[in-house]
Amino acid sequence: MTFSSIDPREMHQLGSGVQNAGKGLTECAAQLRAILNEVELTHPGVAAIGRIGQWLTEQAPDLYRRRDLAYEAEKVDVDVFGNPLPGAIVPAGMAQIDESRMIPAKVRAEAAQAAPLFAAAARGDAGALEKLAAYKGRLSDPQFATALIEQLGPQGLFALPAAMGTRIRKTLDADRDSAAAIRRQNRDVLSMLSKALATATDPTKNAHLNRKFVEELKRQGRTEIPAPDMGGLTNPGYWSLGQILAAAPKEAYSEWFMGTIGQDMIQWDRDYLKEHRTRFLPKDTDVYNLPAPIDTRPFQNSDVIGSADPIAALMTVASTSRERAQALLDNKDLLKYLMSDRRPQWEMGDRGESLGEAMEAAMKGADADSKWLAVIATQILADEIDPHVSFNDAGEVEINDPSELDRLSGIRDNMGRILSEHSDDIVSSYYQNHPRLPDNELTGNVEGKNTARFHPPDLDLVMLDVAADDQGYQALLRGQVADMRGKIDQAMATRNKDWLNNVIALNSTALGHLVEARRMALVGRGKEADAADEELRKLVQDGIGLVPIPFANQVGKVGLKAAGTIYENFVKDGYAKAGDWLVQQSGHAGGKTAKAFGDAASNDKAVQQLAKQMIESSAVAHESYSRNDLKGPFVTGDPPRIKPPLDMTRSEYESFVDWIEENSTVPADYKEVQQTTAVGAKEFLDNLKAATKDE
């Protein structure tokens, strides 16, 4: 970086003087040339004067750009002529500018050649599209990308998708089959624009768009852009921006872009709906609107071309990293709008699948921001679900008008994975029974670990909704199973009986909440209760609780202190991955034969059997049993030891269960599981009743 100090007012005067001087010399040269032509004379000095005038004219824009950089550094708003707006305060003295942000004239000239090609390609000029290929490698160059976007200008940039939409509209009306090829060409052009825009709006680059340009971009985003040759039809500028984003869903836009332009797009969407009471999501079948310039398939496993939703495109781009997603969604009011007021609009598009992707990226980490956003999202979603929940005379949950909740069904699997990654916080929240806390108290830090403070009734309402989705329920279940499995193993390894009792009680209670949520979610939607048991029963029958935790063998080699890392290592990549690993090892994908260790007839029985498996396998792994008279078909080796339960045959396992009843604390621990599972199910119903008592 190279810095210099200038006075913006003096630079403005210098630029104006140079510009006027250049204009004057150019006019002088023209007048001298005309006089000499009359007498049929020439003089080299005339051409020299003209060249000087032209050179001065070319230098003026760079002087003005330095002025603009100085104003930007001082946060001074100016009009289109570069004059400070009325009331703007211009600090006296010099302002420091970064000279490396100045783009060479050669680069600007190249960008000026490329810009018209984009407009021509948008109109269907095949030759222009071919010529644009030569610039693809330049679009990640900050200087070229910034010069190109400045050359197009916000209005010109937003006009391109409108021109493409016009062409698609006319093609659909005349020859629908040929629209697909045109849409592929449009995607090529728009994806190039998206690359340039992402590069030019990254403030970490030396060359990037200035604050004045960005403010104009926001203004044009709210402006109706005319569609050419469409009888006065217009579309909002931000609709066009959405089409640019949709063309390159993996493009790496900056966090700054998400927090400024991205959030402004959401605010525009909210304001637009309030003002117009209509939702601008045109489809191919809407003959009086512009269709998507590229193919838009918002539904999973569907080839149906849906609506061109600019906010869905924004969410998809944001979901490519945690930092982008958090920068976009860290505004509670905007997140509430997306999850509640915008539900009818999501229903017209992807039912919130893109929103769910962005939420998952932003909320399932172990950092404090992820934890905070996860609690906020749970509160917002619970408030949406609450009015739809009631109880019938038999005490069963009824879900009223579930189609209203289904408008945002696309986020259920994402919410399942989000909450899965906070399984330990969920267990703790049920025990601590937090009220709804102020926004600044929703997270904590215990021994260097960030924690989330969920409100139990909020959790139960959200689980009731999420558990209606097979993938959402599966994620929640596997996360809680992984949490319980690891903690039981760690407590058993450290011979901490009190901790083991607490783990069994607290985690069984949390599982009781979840399995009751699954049962009620299905029953409340008119499905058979037995269907609620299928997923959990299969996990139990495949012996998921009998899988030994990795790193357990460290305890015997280097002592009990190593046990302190067992749980952390097991879940270091997240509860979801730990749960998936357990599933694979238990027979689903691990090459082992599935064994019916127990036929669970109901959810609570399944939880009890699951916990019993975990306690038994951990007792074996850490030899937490009496070694007197250690013999039987389940014993192997010299000195004798008990086989891992997952490797036992059914008859060996039955003999082992009989033996462990008399030689360990497993039966007493199992009794605790039976009691607390029922407690969890009852707490779930009590929480729902308390949450809905005013309905």
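The values are calculated or read from the model by the stated rules, or taken from the named source; none is laboratory data. A quick note: this is a predicted structure, and the numbers were derived from the prediction, not measured. Neighbour counts are summed over all protein chains in view; Cβ atoms, including those assigned to glycine, are modelled from backbone coordinates with ideal geometry. Protein only, heavy atoms only, side chains kept; ligands, DNA and RNA dropped before computing areas. Shrake-Rupley method; radii C 1.70, N 1.55, O 1.52, S 1.80 Å.
If each residue of separation counts as 0.36 nm, what is the full-extension length gain between Arg525 and Asp188 once their alpha-carbon separation is subtracted?
Answer, rounded to one decimal: 116.8 nm.
Quick one: order Arg277, Arg65 from most to least accessible surface, probe 1.4 Å. Display every interim value, and only then the final one.
Details: Arg277 195, Arg65 75 Å².
Heavy-atom accessible area, descending, gives Arg277, Arg65.
With the other protein chains left in place, how much accessible area per residue, in square angstrom, belongs to region 132-237 at a 1.4 angstrom probe? Working shown, then result.
Working: 4220 Å² over 106 residues.
Using a 1.4 Å probe on heavy atoms only, each residue of region 132-237 averages 40 Å².
In square nanometres and to one decimal, what's the mean projected area of the convex hull around the Cα atoms of region 315-431? Show your work: numbers first, answer last.
Working: hull surface 31.5 nm².
Reported value for the Cα convex hull: 7.9 nm².
Could you grab the relative contact order for the chain? Cα pairs under 8 Å, six or more apart, rounded to a whole percent. Intermediate results must be reported in sequence, preceding the final value.
Details: 1124 pairs, mean separation 59.2, N = 695.
Contact order relative to length: 9 percent.
Full-extension gain between Trp256 and Lys689, please, as 0.36 nm times their residue separation minus the C-alpha to C-alpha distance. Write down the numbers at each step before the final one.
Numbers: separation 433, 0.36 × 433 = 155.88 nm, distance 4.35 nm.
Between Trp256 and Lys689, full extension yields an extra 151.5 nm.
Students often get this wrong, so check it: of Lys497/Lys643; Lys274/Lys682; Lys577/Lys631; Lys497/Lys538; Lys538/Lys693, which have C-alpha atoms separated by over 32 Å? Each step should come with its number before you reach the end.
Working: Lys497/Lys643 23 Å; Lys274/Lys682 42 Å; Lys577/Lys631 37 Å; Lys497/Lys538 30 Å; Lys538/Lys693 36 Å.
Pairs exceeding the cut-off: Lys274/Lys682; Lys577/Lys631; Lys538/Lys693.
How about region 185-264: which trypsin sites (Lys or Arg not before Pro) there are in a DSSP loop, with at most 16 other Cβ atoms within 10 Å of their Cβ?
Details: sites: Arg187, Lys195, Lys205, Arg211, Lys212, Lys218, Arg219, Arg222, Lys250; in loops: Lys205, Arg222, Lys250.
Loop-located and lightly packed - Arg222, Lys250.
How high is the FRET efficiency between Ala174 and Lys449 when r is their beta carbon distance and R₀ equals 51 Å, given to the nearest 0.05?
Values: r = 62 Å, r/R0 = 1.22.
About 0.25, to the nearest 0.05.
Exceeding 27 Å between C-alpha atoms, which entries from my cross-link table qualify? They are Lys336/Lys364; Lys371/Lys527; Lys75/Lys106; Lys250/Lys364; Lys75/Lys218. Don't skip to the answer; put the middle values down first.
Working: Lys336/Lys364 18 Å; Lys371/Lys527 34 Å; Lys75/Lys106 29 Å; Lys250/Lys364 20 Å; Lys75/Lys218 17 Å.
Over 27 Å Cα-Cα: Lys371/Lys527; Lys75/Lys106.
Going through region 426-519, which GluC sites (Glu not before Pro) have at most 10 other Cβ atoms within 10 Å and a DSSP loop state? Kindly include the intermediate steps, with their values, before the conclusion.
Working: sites: Glu441, Glu447, Glu516; in loops: Glu447.
Those that pass, being in a loop and sparsely packed, are Glu447.
Taking 56 Å as R0, compute the FRET efficiency from the Cβ-Cβ separation of Asp229 and Leu32 and round it to 0.05.
Values: r = 47 Å, r/R0 = 0.84.
Once the sixth-power term is evaluated, E becomes 0.75.
With a probe of 1.4 Å, find how much accessible area region 349-471 has per residue, and write the answer as a whole number in Å².
Details: 4290 Å² over 123 residues.
Per-residue accessible area for region 349-471 comes out at 35 Å².
Summing Lys, Arg as +1 and Asp, Glu as -1, what charge do residues with Cβ under 13 Å from the Cβ of Ala327 carry, Ala327 excluded?
-4
Would you calculate a helix-derived [θ] at 222 nm for the chain, using -39,500 (n - 2.57) for each DSSP H run of n ≥ 4 and dividing by the full residue count, to the nearest 500? Don't skip to the answer; put the middle values down first.
Values: 28 runs with 408 residues, N = 695.
Computed mean residue ellipticity for the chain: -19000 deg cm²/dmol.
What shape does region 179-256 have by the C-alpha gyration tensor, where a ≥ b ≥ c are the square roots of the eigenvalues, rounded means a/c under 1.5, and otherwise prolate means a/b greater than b/c and oblate the rest?
Working: a/c = 2.79, a/b = 1.29, b/c = 2.16.
In terms of gyration-tensor shape, oblate.
If each of Ala126 and Ala21 carries a label point 7 Å out from its Cα toward its Cβ, how far apart are those two points in nm?
5.3
Rg and Dmax of the chain, Cα atoms, in Å?
33.0, 128
I'd like the FRET efficiency for Ala368 and Ser626, computed as 1/(1 + (r/R0)^6) with the beta carbon distance as r and R0 of 41 Å, rounded to 0.05.
Details: r = 46 Å, r/R0 = 1.11.
E(calc), rounded to 0.05, equals 0.35.
Measure off, as a whole percent, the carbon and sulfur share of the 1.4 Å-probe accessible area of the chain, all protein chains present. Let's see the in-between values first.
Details: 14910 of 30290 Å².
On the chain, the fraction of accessible area on carbon and sulfur atoms equals 49 percent.
Convex hull over the Cα atoms of region 91-195, averaged projected area in nm²? Display every interim value, and only then the final one.
Working: hull surface 32.8 nm².
Quarter of the Cα hull surface area: 8.2 nm².
For region 433-557, build the convex hull from the C-alpha positions and give me its volume per residue in Å³.
Values: hull volume 16.8 nm³, N = 125.
Residue-normalised Cα hull volume stands at 134 Å³.
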